[in-house]
Amino acid sequence: MGNRPDETQSIEYEAKVLNVDPDNIDRRVLSQGGVKVADRLMRRYVYDIEPGDMSRWIRLRDTGTSVTLATKRIRHDGIDGTDEVEVGVDSFEKTHALLGAMGFVAKAYQENRRVSYRLNDCDVELDSWPLIPVYVEIEGRSRDHVIEVARLLGFTETDLTGENTTKIYSRYGIDLSSISDLRL
């Protein structure tokens, strides 16, 4: 039990490239045969599972087309360093209320803008968050798949980071955990 993944958890294979030019990424993805699939506002609530444990949390997210509830666990900052269990839910507001009735208090409400692409069976996301430069996130079926798509976009493996959003904010001198309401 505890920190050991089970069959309901899956490893996320994703990496980010920080401080990118959105127009350049758009051109690169489309020139490699990728397609733009969405441009939307994302909103989420983040809840602690255990106060003080920054490696595990609950995320309730509304993508504009679906609402999901997930637990996340960071094992390390690599491409394959995050375990996730995610389910679809019917309502952002009702699920937030349900979590509250269960004793979970949201530590933060966050918004970002996401432009989504598909390239070589991989999700490529341009994420715009308040207060920091735009970054691209690449999520694939394996570590090698993520690196392969990054190369198609002109990036090397050393350009990639598996850091979560909290750590990315800290790169810019911002303590994301101290911001309870982050809106575009």
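The values are calculated or read from the model by the stated rules, or taken from the named source; none is laboratory data. In this text, all values refer to a predicted model and were calculated from it rather than measured experimentally. Glycine gets a Cβ as well: all are built from the backbone with ideal geometry, and neighbour counts include every protein chain shown. Protein only, heavy atoms only, side chains kept; ligands, DNA and RNA dropped before computing areas. Shrake-Rupley method; radii C 1.70, N 1.55, O 1.52, S 1.80 Å.
Of the numbered conditions (1) under 17 Å from ARG56 (Cα atoms); (2) part of a strand (DSSP E or B); (3) of a type outside the set (D, E, K, R), TYR117 fails exactly one; give the number of that condition.
In the conditions (1) under 17 Å from ARG56 (Cα atoms); (2) part of a strand (DSSP E or B); (3) of a type outside the set (D, E, K, R), TYR117 misses (1) alone.
In the set GLY88, GLY78, which member is part of a loop (DSSP other than H, G, I, E, B) and either closer than 28 Å to PHE155 by Cβ or of a type outside the set (A, V, I, L, M) (or both)?
Values: GLY88 fails: part of a loop (DSSP other than H, G, I, E, B).
It is GLY78.
State the number of residues belonging to the range 134-184 that are of a type in the set (Phe, Trp, Tyr) and assigned to a helix (DSSP H, G or I).
Adding up the residues that qualify gives 1.
Could you check how many residues of the range 73-108 are open to solvent by less than 20 Å² (accessible area, probe 1.4 Å) and in contact with a Lys or Arg (Cβ under 9 Å, 6 or more places away or on another chain)?
6
Just checking, which of VAL35, VAL67, VAL115 is of a type outside the set (Ser, Thr, Tyr) and more than 27 Å from ALA150 (Cα to Cα)? Before you say what the answer is, go through the steps one by one.
Working: VAL35 fails: more than 27 Å from ALA150 (Cα to Cα); VAL115 fails: more than 27 Å from ALA150 (Cα to Cα).
Answer to the check: VAL67.
Select from the range 45-58 the residues that are under 15 Å from the mean Cα position of the chain (by Cα) and open to solvent by 20 Å² or more (accessible area, probe 1.4 Å) and write down the one among them that is nearest to GLU125 (Cα to Cα).
Going through the qualifying residues, I end up with TYR45.
What do you reckon, is MET54 closer than 23 Å to ASP181 by Cβ and at pLDDT below 95?
It is true that MET54 is closer than 23 Å to ASP181 by Cβ and at pLDDT below 95.
Taking into account only those residues within the range 134-169 that are open to solvent by 20 Å² or more (accessible area, probe 1.4 Å), free of Cβ contacts under 8 Å to residues at least 60 places away in the same chain and touching a helix residue (DSSP H, G or I) at 6+ places or on another chain (Cβ under 7 Å), which is farthest from ASP77 (Cα to Cα)?
Selected residue: GLU157.
Report yes if GLU7 is surrounded by 13 or more Cβ atoms within 10 Å (Cβ to Cβ), at pLDDT below 95 and among the charged types (D, E, K, R), otherwise no.
No.
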